[in-house]
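Take a look at the structure set out below.
Read-outs throughout are calculated quantities, based only on the coordinates presented, and are distinct from any laboratory measurement. All values derive from a computational prediction rather than experimental measurement.
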Ligand SMILES: [Zn+2]
């Protein structure tokens, strides 16, 4: 059962990455953004359904306010402010901040002593 979940997560992640590739290609090709935004919407839905996180480098490309695909220099402004990278969506004005390098709390997922079985509460 564990192996099956792992495989599903893997496929979901591949699909998310592929959708972002398509969104990027579409954004370069045309000024029309609706298809890019649709790809991002699908990627988010896949992530939610299979409980897979969207990788952080891709998550930066989505507006947290209106969920459009962000292209820095076109519909997003990226500025380095103090300890943060601030991305402003030029569509809705939402600002997203991200530290240069996030300090991490110790996570059970990275701890060798805790097995994945414990983490997922499998029988
Ligand atoms: Zn926005």
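In terms of the Cα gyration tensor, with a ≥ b ≥ c the square roots of its eigenvalues, is the range 2-106 rounded because a/c is under 1.5, prolate because a/b exceeds b/c, or oblate? Verdict is oblate for the range 2-106.
The mean sequence separation of alpha-carbon pairs under 8 Å and at least six residues apart, normalised by the residue count of the range 2-106, gives a relative contact order of 18 percent. Length gained on full extension, residue 90 to residue 10: 25.5 nm, using 0.36 nm per residue less the C-alpha separation.
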